[in-house]
1. So what's the net charge close to I73: Lys and Arg +1, Asp and Glu -1, counting the other residues with Cβ under 10 Å from its Cβ?
2. Which FRET efficiency, nearest 0.05, do D125 and S82 yield, Cβ-Cβ r, R0 25 Å?
3. Could you provide, to the nearest whole Å², the per residue accessible area of the chain with probe 1.4 Å?
4. If one puts a single equal scatterer on every Cα of the chain and applies the Debye formula without solvent, what log₁₀ I(q)/I(0) results at q = 0.11, 0.21, 0.23 Å⁻¹?
5. How far is helix 80-90 tilted, in degrees, relative to the longest principal axis of the Cα atoms in the chain, given as a value from 0 to 90 rounded to the nearest 10?
6. Report the gain in length on full extension from T100 to L7: 0.36 nm times residue separation, minus Cα-Cα distance, nm rounded to one decimal.
7. Using per-residue counts of other Cβ atoms within 10 Å, averaged over each peptide, order 13-26, 100-113 from highest down.
Amino acid sequence: MSVRPELLGTAPWIACRDLQASVQYYRSVLGFNGDWHWFWGDPPDHAGVSRGRARILFFVDSDRAARCAGMEIVLYVRDVESLYDELRHTGAEIVRELDTRPWGTVDFTVRDLNGCELIFTEAPDELGGDSSIR
């Protein structure tokens with residue numbers, strides 16, 4: 001019997017102009033942790049952060065950073081309402097308020113320093129979310 005491959009996660013790369021400012025924003029405002037350190041270059045030009053099972057990776061490239069503004073990344077969350085309250089108090093730039101969308105998800109959107117939009121949405125049942133939003 002053949003086993004079908006299973007995708008276990010994703011770690012998007014975000015182009016940025018200022019690596020240290022990007023990591024600091026994700027750590028101090030969005031509550032991520034630095035889970036690996038600068039590498040590849042002097043000065044450093046790559047880094048990563050994580051929160052729970054979500055991982056975001058950064059690389060320095062000013063030209064690509066300008067073209068990536070407006071990119072959207074969906075992050076599935078357990079207890080999206082609590083995260084919304086947390087990020088409102090840490091100074092995150094909330095560009096779409098917490099609400100139930102016509103398709104049934106509860107989510108909100110934050111814009112990071114690089115112009116990327118992070119959509120925090122209640123996780124579906126198979127990820128440990130609340131089935132009442134379906």
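1. Details: positive: none; negative: E72, D112, E117.
Computed value for this residue: -3.
2. Values: r = 19 Å, r/R0 = 0.74.
So the FRET efficiency works out to roughly 0.85.
3. Values: 8260 Å² over 134 residues.
It amounts to 62 Å² per residue over the chain.
4. -0.43, -1.28, -1.44
5. In the chain, helix 80-90 runs at an angle near 40 degrees to the longest axis.
6. Values: separation 93, 0.36 × 93 = 33.48 nm, distance 2.77 nm.
30.7 nm is the gain from fully extending T100 to L7.
7. On the way: 13-26: 18.4, 100-113: 15.7.
For the peptides 13-26, 100-113, the packing ranking is 13-26, 100-113.
The values are calculated or read from the model by the stated rules, or taken from the named source; none is laboratory data. The structure displayed is predicted, hence computed values, not measured ones. Reconstructed Cβ throughout: ideal geometry from the backbone, glycine too, with neighbour counts over all protein chains shown. Keep in mind that these areas ignore ligands, DNA and RNA; they rest on the heavy atoms of the full protein, side chains included. Shrake-Rupley method; radii C 1.70, N 1.55, O 1.52, S 1.80 Å.
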